[in-house]
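Asker: Below you will find the structure I want to go over with you.
Values quoted throughout were computed directly from the atomic coordinates according to the rules given, and no laboratory measurement underlies them. Note that the coordinates shown come from a computational prediction; the quantities given were computed from them, not determined experimentally. Cβ placement follows ideal geometry from the backbone for every residue including glycine, while neighbour counts extend to all protein chains displayed.
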Amino acid sequence: PKPSEITPAVRMKSYACQRRTPLKHHNSFLTDALEILAQNAEFSENEGRSVAFRRSASVLKALPHVVRSMDNLKDLPCLGEHSLRVIKALTNVFGVGVRTADRWFREGLRSPLDLIPTGQKLNHAQQAVEYYNDLNTPVTKKEAMVISDIVDKAVKAVLPGAIITLSGGFRRGKEVGHDVDFLITHPEEGAEERLMPKIVNWLDDQGLLLYQKTTRNSYLESKDGPARPASNMDRFERCFSIFKLEQLDSDIHAKASSYNSGKTAGMEERHTGSIWRAVRVDLVVSPYSQFAFATLGWTGSKLFERELRRWAGQEKGMSLSSHALYDSKQQRYLRANSEEEIFAHLGLEYIPPSERNA
Ligand code: TTP
Ligand code: MN
Ligand code: MN
Ligand code: MN
């Protein structure tokens with residue numbers, strides 16, 4: 001090939017938390033397929049394979065150019081045999097690849113019942129089935145902003161002085177999400193205890209909740225040891241909820257088909273003309289002393305979080321969770337008041353939220 005056609009080899013660090021991963025990158029057609037396979041592996045409970053696919057997708061997201069041939073992949077980390085085979089197939093027969101990926105996605109579609117935490121009453125589950133279509137319609141940034149205002153009002157009504165942060169994908173600059181995530185704290189340590197039931201009651205009184213399941217904070221009574229929860233789940237007081245979001249006129253006309261009207265959804269009688277949709281919202285309450293860790297932990301992406309913890313453990317002998325950072329050598333917890341301080345403790349260059357889309 002002519003020199004101009006040769007893509008220069010990219011030196012890439014092997015941990016996602018050492019790399020900058022933008023939201024918009026050059027290889028979506030490959031990373032979409034790899035992530036569908038990752039999801040498939042997850043459904044068949046093959047966690048190892050799922051993570052392997054996610055790692056290779058993440059490497060391609062950080063590449064500054066489109067992958068055009070297998071040569072472009074020389075010396076890149078985390079590309080295993082399975083991933084390479086998929087990439088090879090897709091780069092060779094691009095059109096077929098995309099259609100195949102589409103079909104995999106449809107076949108692997110989750111059951112609406114997955115939305116419901118186990119042990120719920122059946123009528124709750126049945127309701128969730130009705131919201132399934134809404135919940136599969138991406139939440140826009142505009143809708144996230146409306147929900148932000150509602151959550152802000154609710155929290156400040158029950159605890160003046162509280163601080164509310166939009167976290168998750170919207171904090172990373174995503175235009176759409178599958179839900180809206182919020183982190184709540186109060187500068188006075190302890191003032192946040194048992195806050196969630198009050199927030200939930202306020203929202204429920206206003207008729208803003210279709211579903212909610214609150215889990216109590218279990219950090220103090222947990223026996224997990226320093227900064228290391230038994231599972232990846234954290235132990236904050238948390239609410240898995242479905243909001244009933246009134247629609248703006250302009251949005252109804254734009255996307256009429258994806259919304260429920262009061263009558264067809266079979267819900268209790270509402271004002272005539274009231275149109276709403278269901279939106280998944282995660283609320284998390286953190287004590288002030290853990291807020292920086294909670295913010296880092298709830299900003300994502302999930303792979304970025306996983307890689308941060310792997311970096312901490314394998315490269316620094318530290319243990320990171322959404323609650324704390326423990327230094328095993330010094331045998332003590334390292335405090336932090338900001339995400340910047342946590343990156344510094346970990347010996348990492350600070351990566352802003354918009355570049356944590358690993
Ligand atoms: P998600 O809301 O699942 O993902 P997202 O906001 O990145 O993307 P989407 O647009 O699809 O909603 O999770 C947000 C972050 O919260 C993610 O980094 C993982 C973290 N998280 C926890 O720390 N603990 C948990 O129990 C869950 C479910 C998520
Ligand atoms: Mn989210
Ligand atoms: Mn998600
Ligand atoms: Mn979430």
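Asker: Residue 346: net charge of surrounding residues, Cβ under 12 Å, Lys/Arg +1, Asp/Glu -1, itself excluded?
Answerer: Residues near residue 346 contribute -4 overall.
Asker: Further question on the same structure: For each pair in 13/61; 61/329; 13/302, compute the distance between the two Cα atoms and list the pairs where it is over 23 Å.
Answerer: In this structure, 61/329 exceed 23 Å between Cα atoms.
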